[in-house]
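The values are calculated or read from the model by the stated rules, or taken from the named source; none is laboratory data. For clarity, every value in this text was computed on a predicted model and none was experimentally measured. Cβ placement follows ideal geometry from the backbone for every residue including glycine, while neighbour counts extend to all protein chains displayed.
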Amino acid sequence: MIKRYWVTIVRLAFSLLILVAIGVQLNERLDVPGFRPANFFSFFTIQSNVLAAAMLLYSAARAARPDALPRRDILRGAVTLYLLITGIVYGVLLSGYQDALQTTIPWVDTVLHRIIPLVIVADWLLDPPVARLRWRFVRWWLAYPVAYVVYSLIRGPIVDWYPYPFLDPGESGGYLRVALYCAGITTGVVFATLLLVWNTQRRVPEST
């Protein structure tokens, strides 16, 4: 019971940290000429962190009923995958692009791109799912990242803005390069998804 109490407190604290970080950064960007809130909320970083805040709040609220949360663990798995994408893609491709990413406040950039991905992964590992996740969940988890790329590529030429350089044909060297970047990221995402499901298969006893 005491452990659950502290898990709840930590989850609430980090969900609040996410919301404060996004709010502070948004308030700062509102003073920038030409700022468009629609672009700000089109970053995968912002969207995935909002999902993380919602997941942490939901998990904290339901922590008192750990034996009745298989749906929560499906959500946790999805959000863990999305924050893994955020942290790894930032570290490999986007570190140093804070102005383009509109995370110009250093502590906000650190929270959204580094701390929260680590926190969400730690939450998954330290508080494992109550039931084994099935392989069929893989396609549902992948639906959002795929939809995000499609949305970004369709919206980009319409508003003349792309959230990330590797999605911009003009910045990356054409649509072929964009396709190669997306293929590489997709391979990593699929591997991470399979790893998350395998982790539950290995650590969680099969229900009888």
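Can you find a residue that is at pLDDT below 90 and either more than 21 Å from residue 202 (Cβ to Cβ) or surrounded by 13 or more Cβ atoms within 10 Å (Cβ to Cβ) (or both) anywhere in segment 42-58? Within segment 42-58, one or more residues are at pLDDT below 90 and either more than 21 Å from residue 202 (Cβ to Cβ) or surrounded by 13 or more Cβ atoms within 10 Å (Cβ to Cβ) (or both).
Would you check if there is a residue in segment 40-49 being more than 17 Å from residue 146 (Cα to Cα) and β-branched (Val, Ile, Thr)? No, because not a single residue in segment 40-49 is more than 17 Å from residue 146 (Cα to Cα) and β-branched (Val, Ile, Thr). Among the residues that make up segment 93-113, is at least one of them small (Gly, Ala, Ser) and free of Cβ contacts under 8 Å to residues at least 40 places away in the same chain? Yes: segment 93-113 contains one or more residues that are small (Gly, Ala, Ser) and free of Cβ contacts under 8 Å to residues at least 40 places away in the same chain. When 169, 165, 145 are checked against the criterion of being closer than 18 Å to residue 51 by Cα and touching a Phe, Trp or Tyr at 6+ places or on another chain (Cβ under 8 Å), 145 stands alone in meeting it.
If you check 140, 198, 161, 135, which single one turns out to be out of contact with any Lys or Arg (no Cβ under 6 Å at 6 or more places or on another chain), surrounded by fewer than 19 Cβ atoms within 10 Å (Cβ to Cβ), in a helix (DSSP H, G or I) and touching a residue at least 60 places away in the same chain (Cβ under 8 Å)? Only one candidate passes the filter, namely 140. Residues in segment 164-186 that are outside any helix (DSSP H, G or I) and out of contact with any Gly (no Cβ under 8 Å at 6 or more places or on another chain) were compared, and the one that is nearest to residue 41 (Cα to Cα) is 164.
Determine whether residue 120 is more than 19 Å from residue 188 (Cβ to Cβ), part of a helix (DSSP H, G or I) and either among the aliphatic types (A, V, I, L, M) or touching a Pro at 6+ places or on another chain (Cβ under 9 Å) (or both). Answer is no for this residue. Might you let me know whether segment 79-96 holds any residue that is more than 11 Å from the chain's Cα centre (by Cα) and not in a helix (DSSP H, G or I)? Yes - at least one qualifying residue is present in segment 79-96. Would you confirm, using the coordinates I've provided, whether residue 117 is surrounded by fewer than 19 Cβ atoms within 10 Å (Cβ to Cβ), at pLDDT 90 or above and not hydrophobic (A, V, I, L, M, F, W, C)? No: the conditions fail for residue 117. Report yes if residue 109 is over 24 Å from residue 193 (Cβ atoms), out of contact with any helix residue (DSSP H, G or I) (no Cβ under 7 Å at 6 or more places or on another chain) and of a type in the set (D, E, K, R), otherwise no. Here the answer is no, as residue 109 does not meet what is asked. As for segment 31-42, it holds no residue that is touching a Phe, Trp or Tyr at 6+ places or on another chain (Cβ under 7 Å), closer than 20 Å to residue 104 by Cα and of a type in the set (Phe, Trp, Tyr).
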